[in-house]
Amino acid sequence: MWQQQLERRLAQQRQRGLWRQRLALAPLPDHRVDDGRQRLCDFAGNDYLGLARDPRLAEAQAEGARRYGAGGGASHLVSGHLEPHHVLEERLASLTGRPRALLFSTGYMANLSVLQVLGDGYMQIFHDRLNHASLLDGARLGNARSRRFHHRDVDDLARLLARSRNDAPRLVVSDGVFSMDGDIADIAALVQTSQRFNACLMIDDAHGIGVTGDDGSGCVGPRFGTDQVPVLMGTLGKAMGSAGAFVAGDNDLVEALIQFARPYIYTTAQPPGVACATLRALDILEKEPEHRQRLHYNIRYWRNSADQLGLPLTPSLTPIQPVLLGNSQRVMQWGHALRDSGFLVGAIREPTVPSGQARLRITLSAAHTHVQIDALLDALARLAITAPFDTEPAS
Ligand SMILES: *Cc1c(COP(=O)(O)O)cnc(C)c1O
């Protein structure tokens, strides 16, 4: 019975061209990887500053493991909350200009936690349509009612808020940098609209931390205060090059998460060495702005040349640079062809993005050289001739 059901669903997944596969990669120098067949330049990851393979982070992690143990040993509420976790929380609060921050093992769990606790059965949640899946899943965990507003459209948000019940708490949630499109939320407009309707605002800055803002403090950072963006979430496994995530806000928010968040309470603390690696990454972020500068230089360099090729880009000014090809088969075809030419890029299909909006998700890093970016552009230019994309993008 159940086996047949799985077989049927798997066959369907294949037929629809949605089959997902993993690679078992061995990292090489110069932001390259070995897939067992060939060497590929990595344009698919989220290691925007090249910190994931910085030997200083590895050293900090090893030293942390020697000192505090390889694993957390227990949940944070039992005996797993160790010194480096605590110090890291203080550093993250200070980076974002908030009274407190709470560390999580993953961003997925941080989002589940916030939405479970704030949702709690009677909160109404308003999502940007392109919000990350973890935010939508969290809303379900909290049994909250969710509505979605048009992407980056605060007028649509205001319309939904005006029609909603104002006798129950409301939460507006948006990604800071949208993970599949690379564009940035209009934080000031979200603040204004949320305040007008007396709603709480949460920003998921997973891809902004370390990348945007003059000091790498993200799309929100200390520029928008706790009174404007009461709930700020960020991840540490992307630009920060380690792993984990945090939620920053006032004391009551953090205490409520500690008291009530099931994905926080019922899980083992992050390995302490990972927190040590993140602390090292924060030092580097502060003392070596050249990584962020090189990243933004690479982004400008890529956009100039990609524009000249007429590639269907989004208006992204972040390291996430999608090439919108529309249909899934074309995306897979380009993805495979690029791989044969020595490049690893993300091939993103539904349900991660809406149907008809399949894309290559190319990500840039401070670790890429212009020679590597030029080579990728050459390969894309050849593909645009041999397997052209639809010039009419699907709506
Ligand atoms: C990656 C991501 C997450 C999840 O973070 P992990 O630490 O990878 O679990 C949450 N939100 C957004 C917008 C993301 O891009």
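The values are calculated or read from the model by the stated rules, or taken from the named source; none is laboratory data. Bear in mind that the values here come from a model prediction, so they are computed numbers and not experimental data. Here Cβ is always computed from backbone atoms with ideal geometry, including for glycine, and neighbour counts include all displayed protein chains.
Could you tell me which residue of segment 264-307 is nearest to G210 (Cα to Cα), considering only residues that are assigned to a helix (DSSP H, G or I) and among the hydroxyl-bearing types (S, T, Y)?
Filtering segment 264-307 for residues assigned to a helix (DSSP H, G or I) gives 264-265, 272-287, 290-307.
After this cut, where a residue has to be among the hydroxyl-bearing types (S, T, Y) as well, the list is 264, 278, 297, 301, 305.
Values: Y264: 24, T278: 12, Y297: 15, Y301: 20, S305: 25 Å.
Filtering segment 264-307 for residues that are assigned to a helix (DSSP H, G or I) and among the hydroxyl-bearing types (S, T, Y), the one nearest to G210 (Cα to Cα) comes out as T278.
Looking for whichever is in contact (Cβ under 8 Å) with a residue 40 or more places away in the chain and in a helix (DSSP H, G or I) here; the options are L118, L130, L161. Which one fits?
Working: L130 fails: in a helix (DSSP H, G or I); L161 fails: in contact (Cβ under 8 Å) with a residue 40 or more places away in the chain.
Result of the check over L118, L130, L161: L118.
What's the total number of residues in segment 361-380 that are surrounded by fewer than 19 Cβ atoms within 10 Å (Cβ to Cβ) and either out of contact with any helix residue (DSSP H, G or I) (no Cβ under 8 Å at 6 or more places or on another chain) or at pLDDT below 95 (or both)?
Total satisfying the criteria: 4.
Right, V247: of a type in the set (V, I, T) and assigned to a loop (DSSP other than H, G, I, E, B) or not?
Numbers: of a type in the set (V, I, T): yes; assigned to a loop (DSSP other than H, G, I, E, B): no.
No: the conditions fail for V247.
Scan segment 198-206 and give yes if some residue there is surrounded by fewer than 24 Cβ atoms within 10 Å (Cβ to Cβ), away from the ligand (no atom under 16 Å from the Cβ) and assigned to a strand (DSSP E or B), otherwise no.
yes
How many residues are touching a Ser or Thr at 6+ places or on another chain (Cβ under 8 Å), crowded, with 18+ Cβ neighbours inside 10 Å and closer than 17 Å to V220 by Cα if we restrict to segment 61-106?
Within segment 61-106, residues that are touching a Ser or Thr at 6+ places or on another chain (Cβ under 8 Å), crowded, with 18+ Cβ neighbours inside 10 Å and closer than 17 Å to V220 by Cα number 3.
Being of a type in the set (S, T, N, Q), within 30 Å of I348 (Cα to Cα) and surrounded by 22 or more Cβ atoms within 10 Å (Cβ to Cβ), is that true of even one residue in segment 112-123?
Keep residues of segment 112-123 that are of a type in the set (S, T, N, Q), which gives 113, 116.
Narrowing the set further to residues that are within 30 Å of I348 (Cα to Cα) leaves 113, 116.
In the following step, the residues that additionally are surrounded by 22 or more Cβ atoms within 10 Å (Cβ to Cβ) were identified as 113, 116.
Within segment 112-123 (the criterion being of a type in the set (S, T, N, Q), within 30 Å of I348 (Cα to Cα) and surrounded by 22 or more Cβ atoms within 10 Å (Cβ to Cβ)), the answer is yes, since at least one residue qualifies.
Collect the residues in segment 162-183 that are within 15 Å of the ligand (Cβ to nearest atom) and not aromatic (F, W, Y), keeping them in residue-number order.
So in segment 162-183, the residues within 15 Å of the ligand (Cβ to nearest atom) come out as 173-183.
Of everything in segment 162-183, those that are within 15 Å of the ligand (Cβ to nearest atom) and not aromatic (F, W, Y) turn out to be V173, S174, D175, G176, V177, S179, M180, D181, G182, D183.
Return the residues of segment 141-177 that are among the basic types (K, R) and surrounded by 14 or more Cβ atoms within 10 Å (Cβ to Cβ); say none if nothing qualifies.
Step one: of segment 141-177, the residues among the basic types (K, R) are 145, 147-148, 152, 159, 163, 165, 170.
Of everything in segment 141-177, those that are among the basic types (K, R) and surrounded by 14 or more Cβ atoms within 10 Å (Cβ to Cβ) turn out to be R145, R147, R148, R152, R170.
May I ask you to verify whether L190 is within 14 Å of the ligand (Cβ to nearest atom), outside any strand (DSSP E or B) and either surrounded by 16 or more Cβ atoms within 10 Å (Cβ to Cβ) or not assigned by TED's automatic domain parsing to the domain that holds L82 (or both)?
On the way: within 14 Å of the ligand (Cβ to nearest atom): no; outside any strand (DSSP E or B): yes; either surrounded by 16 or more Cβ atoms within 10 Å (Cβ to Cβ) or not assigned by TED's automatic domain parsing to the domain that holds L82 (or both): yes.
Spelling it out, it is not the case that L190 is within 14 Å of the ligand (Cβ to nearest atom), outside any strand (DSSP E or B) and either surrounded by 16 or more Cβ atoms within 10 Å (Cβ to Cβ) or not assigned by TED's automatic domain parsing to the domain that holds L82 (or both).
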